[in-house]
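Undergrad: There's a structure below that I have some questions on.
Read-outs throughout are calculated quantities, based only on the coordinates presented, and are distinct from any laboratory measurement. Values in this document were obtained by computation on a predicted structure and should not be read as measured data. No Cβ is skipped: glycine too gets one built from the backbone with ideal geometry, and neighbour counts run over all protein chains shown.
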Amino acid sequence: MGFSKSRPLFSSAARRLSASPASYLLCRSWQHQPKFCPASTLAASEPVGASLSAANISIERTAAPKEKLPPTKLVFGHTFTDHMVQIPWNDTDGWLTPKILPYQNLSLDPATCVFHYAFECFEGMKAYKDSNGSIRLFRPDKNMDRMSKTAARICLPTFDHDALIKIIAELVKLDGDWIPSERGYSLYLRPTLIGTQASLGVAPPKSALLYVIMSPVGPYYPTGFKAVKLEATDYAIRAWPKGVGDRKLGANYAPGILPQRMAASRGFQQNLWLFGDEGYITEVGTMNAFFVFQLPDGKLELATAPLDGTILEGVTRDSILALARERFDKDKWVISERKFTIQEVADHAKAGTLVEAFGSGTAAVVSPIKEISWRGQPIAVPLQAGKETGMVAEQMAQWIAEIQYGEVEHPWSVLLN
């Protein structure tokens, strides 16, 4: 397939952990015409009190540690560790003291704005144990950047990225014995930011709470890859241009459940989200989508939808693109971020030039696809002989896991001291 394993990794890439506000916020010009303006122009003139700091973390250890399940009994997102982070914010004082507390319920007024107007965003990231028992985070700077952009888009406070990574690192180290040592297991981290002002009225919240919870998880495919069947979906739309499909908002997820249940009732595991009369491919379920095509000149193309505002800026997506550009033979591969349609996929399948397809995301890393139903007709997606995956998906899963578990030293893998 033209992989070039001899090429070096990104040995000189430095992680940028400083705060970065959202790229754009909806605002109005002096002519009262809606437009998008750089968030930094607002942040520079609006005092927000104290910045988020990791220097004064308060830690309260639990007096009643939970019993840990055997790794083989773990169900994704059902078991949670002993501790959590809570960091309040208000528009007068800014960020208050970060606290690591025993895992506990939140107490919120029924009028709290998160319940009524969806002032909520979150991230999904993981911590891993390497063969030496050391703990590693995978590209946390990317998660912090995306979360800060999402927060700014819905008028929640942004934060210093490096400070939040340090706070999360203290939580992970405190509950580090919750991370199973077996290869394939990890600790799923869920940083969440909600508006907490108790009032009925659509306005920027004057108070907020950033909290982090953690859940030990097993391999997404414990017995090996299981390729999925998709239903190409155009009767419902996941996201649209100039909307918030590129932000990790809780409000983006609930509307996708009904179409997924409808697809499941017809025997499909997920939706392949299409957009517009042209049927542009955007995402698969809650994952980014990749397709491999053979081109007329004999080259292979790894294609995924562009970051045009309708798809999430996936950390795994970015990792796959970066590794492909670094390690694939440039004489044999074209790496594309472009618009393409379900009709193009169907044409490639008919011509025998559809090579493979897969989704990418934090939970599964890659999810191979074996069939797409479009207008009631199946589009068969090739797999490797005797396997439930294509070659590119398999290779990417291996390369990324080697970095995540510290088997290959790489700046994406952040070692916690």
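Undergrad: Where Lys and Arg each count +1 and Asp and Glu each count -1, what net charge lies around residue 264 among other residues with Cβ under 11 Å from its Cβ?
TA: Once all neighbours under 11 Å are counted, the net charge is +2.
Undergrad: Sticking with this structure for a sec: Under 15 Å Cα-Cα from residue 229, which aspartates and glutamates qualify once same-chain neighbours fewer than 8 residues away are excluded?
TA: Qualifying aspartates and glutamates at Cα under 15 Å: 283, 356, 371, 388.
Undergrad: Another question about this same structure. Please compute the length gained on full extension between residue 97 and residue 59, using 0.36 nm multiplied by the number of residues separating them and subtracting their Cα-Cα distance.
TA: 12.6 nm
Undergrad: Continuing with the same structure: Treat the count of other C-beta atoms within 10 Å as a stand-in for reagent exposure and order 292, 355, 366, 334 from fewest to most.
TA: 334, 355, 292, 366
Undergrad: Report, in cubic angstrom per residue, the convex hull volume of the C-alpha atoms of the range 53-212.
TA: So the per-residue Cα hull volume is 123 Å³.
Undergrad: Still on this structure, please answer the following. Helix check for the chain. Which DSSP H runs span at least 27 Å along their own axis by Cα, with a mean Kyte-Doolittle hydropathy no less than 1.0?
TA: In the chain, no H run is both long and hydrophobic enough.
Undergrad: Mean residue ellipticity at 222 nm from the helices of the chain, using -39,500 (n - 2.57) per DSSP H segment of n ≥ 4 over the full residue count, to the nearest 500 deg cm²/dmol?
TA: My calculation for the chain gives -6000 deg cm²/dmol from helical runs alone.
Undergrad: Anything over 24 Å Cα to Cα? Flag those among 350/370; 142/206; 129/248; 242/339, in the order listed.
TA: 142/206; 129/248
Undergrad: How much net charge surrounds residue 170 when only the other residues with a Cβ under 14 Å from the Cβ of residue 170 are counted, with Lys and Arg +1 and Asp and Glu -1?
TA: The answer is 0.
Undergrad: Please arrange 136, 153, 61, 190 by counting, for each residue, the other beta carbons lying within 10 Å of its beta carbon, fewest first.
TA: With the sparsest Cβ surroundings first, the list reads 61, 190, 153, 136.
Undergrad: Additional query: Ranking request for peptides 344-352, 312-320: highest mean number of other beta-carbon atoms within 10 Å first, then the rest in descending order.
TA: The packing order, highest mean first, is 312-320, 344-352.
Undergrad: Run the reach check for residue 332 against aspartates and glutamates, Cα to Cα strictly under 12 Å, same-chain hits fewer than 8 apart removed. What comes back?
TA: Output for residue 332: 297, 301.
Undergrad: How do 322-329, 159-166 rank on mean C-beta neighbours within 10 Å, highest first?
TA: The densest-packed peptide leads the list: 159-166, 322-329.
Undergrad: Taking amide hydrogens as modeled 1.01 Å from N in the peptide plane, which residues meet the under 5 Å criterion relative to residue 94, leaving out close sequence neighbours?
TA: 50
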